[in-house]
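The values are calculated or read from the model by the stated rules, or taken from the named source; none is laboratory data. In this text, all values refer to a predicted model and were calculated from it rather than measured experimentally. When we count neighbours, we look across all protein chains shown, and the Cβ atoms used for this are built from the backbone with ideal geometry, even at glycine. These accessible areas exclude ligands, DNA and RNA; they are computed on the full protein's heavy atoms, side chains included. Shrake-Rupley method; radii C 1.70, N 1.55, O 1.52, S 1.80 Å.
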Amino acid sequence: IATLTINLGEKITALGLNINKLSNASLGALTGATWAVGNGGQVQAISAAQIATLTPAQVRFIGSTGIGGATTTSQIAALNVGAWATLVADPLQVAAMTAAEVATFYFNTFEKTVSLGTSIQYLTPAAVAGIGTSTAYTFANSQITYLSAAQIAVMSSAQISALAGIPAPTAGGTLAGNIRGLNAGAFSAMNAAQIAILTPANMVLVADVQL
């Protein structure tokens, strides 16, 4: 499977809908980054029609084989635009996403975080806790700052609580509520029930322009 990168991933494409017949181990062997296909490697070559045939359990294995053959986090963040749109349009697929996967959605300038759109409402609170946990970026350029007002508006109070409770480093090295990373528009989109769930700890360092 790992060799099916010749001619820009045409072999992955040629699998067609039979991709759902691959074993979990074979799905895990798909590469998320190779010179032959581009930044997304074999995973990027998966089509919308192909992703639609995979179960949530199968999706968890995409590109998940790590060092020594251990199963790690899937590389769904490397999916192309069409395949990603099909994946997140399915509430069951979104509900199956893990916090570890969500933390990888900074791929390609947070495109996956943004294009998750209002399907964010289907993430479990546990998965929401993965937002902004990547150490690759600060609040100045992080997943949480890319959440839109429309996304915040559809989230449940439990999801907001999970989002607000994520520890986030401050310039002084202390920890503060992650909710302060929301842009002003997204912060103002919170409804009364969502605001009521916030704790004093969540509100640490929230800017005056957010209130």
From the residues in the range 101-114 that are in a helix (DSSP H, G or I) and open to solvent by less than 50 Å² (accessible area, probe 1.4 Å), which one is farthest from Ser148 (Cα to Cα)?
Glu101
Just checking, does the range 135-142 include any residue being modelled with pLDDT of 95 or more and in a loop (DSSP other than H, G, I, E, B)?
no
Hand me the list of helices (runs of 4 or more DSSP H) wholly inside the range 9-91 holding 1 or more residues that are in contact with a helix residue (DSSP H, G or I) (Cβ under 6 Å, 6 or more places away or on another chain), modelled with pLDDT of 95 or more and among the small types (Gly, Ala, Ser).
48-53, 81-88
Among what's in the range 167-203 and is at pLDDT 70 or above, β-branched (Val, Ile, Thr) and more than 17 Å from Ala149 (Cβ to Cβ), pick the residue that is surrounded by the fewest Cβ atoms within 10 Å (Cβ to Cβ).
Thr199
